[in-house]
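Student: One structure, as structure tokens, below. Some questions next.
The values are calculated or read from the model by the stated rules, or taken from the named source; none is laboratory data. These numbers were taken from a predicted model, which means no experiment stands behind them. We place every Cβ from the backbone using ideal geometry, glycine too, and count neighbours over all the protein chains shown. For the accessible areas, the whole protein counts, side chains as well, though only heavy atoms, and no ligand, DNA or RNA atoms are used. Shrake-Rupley method; radii C 1.70, N 1.55, O 1.52, S 1.80 Å.
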Amino acid sequence: MTFSWKIPPWKRHEDCTYLAVTLIDQGGGHSGSITEGVRGDDAIEALANLVMTPGSPLGLGPTHPALIGVVVRRGIDSTWLAQPPIQVARDERGRWQVAVRNATAEDVTVFSPTEISGLVSRLRSQYGRTG
């Protein structure tokens, strides 16, 4: 697979246009999150920026069993940086469920560990281990 960008988002010198919230299983039914600004023209490019930037929490282990998912939001919002309006809970089968308050499909995308792993495989195939 090839990507349509001319310059990969992790190599661009531009302001961040999205927020990425990495959701982690902390054990005992608890979850934690890491929120940071990322670059991209759409949610997939923003996720690519997150996973390919050196030092990223997902750069080394996007298939880590503690990964619940990543929520990508268009635009930079200080409220989201401080306390993203995301609820994470286990369903009756023990699977993690992610809900985002007041989210629209145009502004917020939730990526599962499977989707993240697939993107990372495609990126590494084309660009190598690091961007």
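Student: Could you go through region 65-77 in sequence order and give the Karplus-derived ³J(HN,Hα) for each residue, using 6.51 cos²θ - 1.76 cosθ + 1.60 with θ = phi - 60°, rounded to whole Hz, and x for Gly and Pro?
Tutor: Working through the residues one at a time gives x, 7, 6, 8, x, 9, 9, 10, 10, 6, x, 9, 9 Hz.
Student: Taking amide H positions as placed 1.01 Å from N in the peptide plane, with prolines and chain starts having none, which residues 5 or more places from Gln97, or on another chain, fall under 5 Å of its amide H?
Tutor: Placed amide hydrogens put Ala89, Arg90, Asp91 under 5 Å from Gln97.
Student: Sticking with this one: Quick check: the angle from helix 43-52's long axis to the longest principal axis of the chain, C-alpha only, nearest 10 degrees?
Tutor: Approximately 80 degrees, to the nearest 10.
Student: Going from most exposed to least, what order do His30, His13 have by accessible area with a 1.4 Å probe?
Tutor: Sorted descending by solvent-accessible area, the residues read His13, His30.
Student: Something else now. What length, rounded to one decimal in nm, is gained on full extension from His30 through to Ser78, with 0.36 nm per residue of separation minus their alpha-carbon distance?
Tutor: Once the chain is fully extended between His30 and Ser78, it gains 14.9 nm.
Student: May I ask you to derive the FRET efficiency for His13 and Asp42 from their Cβ-Cβ distance with R0 = 25 Å, giving the value to the nearest 0.05?
Tutor: That pair, His13 with Asp42, gives E of 0.85.
Student: Another question, if that's okay. Under 1.5 on a/c is rounded, so check that first for region 76-125, then, if it is not, pick prolate when a/b is larger than b/c and oblate when it is not; a ≥ b ≥ c are the square roots of the alpha carbon gyration tensor eigenvalues.
Tutor: oblate
Student: Which value in deg cm²/dmol, rounded to the nearest 500, describes the helix-derived mean residue ellipticity at 222 nm for the chain, given -39,500 (n - 2.57) per DSSP H run of n ≥ 4 and division by the residue count?
Tutor: Mean residue ellipticity, 222 nm, calculated: -6500 deg cm²/dmol.
Student: Can you give me the C-alpha center-to-center distance between region 86-131 and region 65-85, rounded to a whole angstrom?
Tutor: 11
Student: Given a cut-off of under 8 Å on Cα pairs at least six residues apart, what relative contact order in percent is computed for the chain?
Tutor: 27
Student: Next question, about the same structure. Could you order peptides 45-53, 32-40, 93-101 by the average number of other Cβ atoms within 10 Å of their residues, highest first?
Tutor: 45-53, 32-40, 93-101
Student: Next question. Roughly speaking, to the nearest percent, how much of the chain's 1.4 Å accessible area is carbon and sulfur?
Tutor: 49
Student: Now for a different question. Nearest 10 degrees, 0 to 90: what angle lies between the long axis of helix 113-127 and the longest principal axis of the chain (Cα atoms)?
Tutor: So the helix axis and the longest Cα principal axis differ by about 10 degrees.
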